[in-house]
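Heads up, the thing below is written out as C-alpha cells.
Nothing in this text is a laboratory measurement; each read-out follows from the coordinates by a stated rule. Since this is a predicted model, take the numbers as computed values, not measurements. Ideal geometry is used to build each Cβ from the backbone, glycine not excepted, and the neighbour counts take in all protein chains shown.
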Amino acid sequence: MSELAAKSCVPCQGGVPPLKGAEIEGLMQKLGGGWAVKDEHHLEKLYTFDDFVTALAFTNRIGAIAEEQAHHPDIHLAWGKVRVTIWTHKINGLTESDFVLAAKVDEARAS
C-alpha cells in the first residue's frame, strides 16, 4: 500500500485555500503514474479495460471507496474505459484528500 493510500480522506470544512504549485508537485511525486493535474484545479486519469463488464466492476469498486471515504469523484464509464476526476468541491480546488482518494483508486485497479 502506498503512503497516500494508507491515509484516510479528511472532510473539508471549507475556508482553506486549495493546494498550489510546489504542494501539488510534492503530492504528485507520491502518486502513481497516469494522473494529470488540470489547471491546478482537479486530478484526472483514464483507465482502460478489455470489456464493459470489467470497467463497470472497477466503477463499482470506486463507488465503494468513495462512500467509505466520504469523498466522491466524478466517474465517467464507457465501453472499456473509466475516467476519474477528483477535486474538493467545497473549496473548488485540490486538497491532500484528493490525492489520497486517487491513490486508493489506483490500488482498486491493481486488485
Please find, in a Gaussian network model of the chain (springs between Cα atoms separated by less than 10 Å), the residue of T59, T48, T95 whose mean-square fluctuation is greatest. T48
Considering only F99, F58, F49, give the residue with the highest GNM mean-square fluctuation for the chain, with springs between Cα atoms whenever their separation is below 10 Å. F49
Once you have the Cα-Cα distance between T54 and I91, take 0.36 nm times their residue separation minus that, and quote the gain in nm to one decimal. 10.0 nm
With +1 on the Cβ of every Lys and Arg and -1 on the Cβ of every Asp and Glu, the dipole magnitude of the chain about its Cα centre, in debye rounded to the nearest 20, is 80 debye
Only loop residues by DSSP count here, and only those with at most 14 other Cβ atoms within 10 Å; note down the trypsin sites (Lys or Arg not before Pro) in region 1-69 that meet that. K20
Direction-averaged shadow area of the convex hull around the Cα atoms of the chain, nm²? 6.4 nm²
Using Cα-Cα distances under 8 Å and only pairs 6 or more residues apart, what relative contact order does the chain have, in percent? 39 percent
Potential lengthening between A6 and R109 on full extension [0.36 nm per residue; Cα-Cα distance subtracted]: 35.5 nm
For helix 21-30, report the angle its Cα long axis makes with the longest principal axis of the Cα atoms of the chain; keep it between 0 and 90° and round to the nearest 10°. 40 degrees
Loop-resident sites, region 31-111, for GluC sites (Glu not before Pro), counting at most 15 other Cβ within 10 Å (DSSP): E40
Quick one: angle between helix 96-110 and the longest Cα principal axis of the chain, in degrees between 0 and 90, rounded to 10, please. 20 degrees
Mean-square fluctuation check for the chain, GNM, Cα pairs under 10 Å: which of A55, A64, A22 is largest? A22
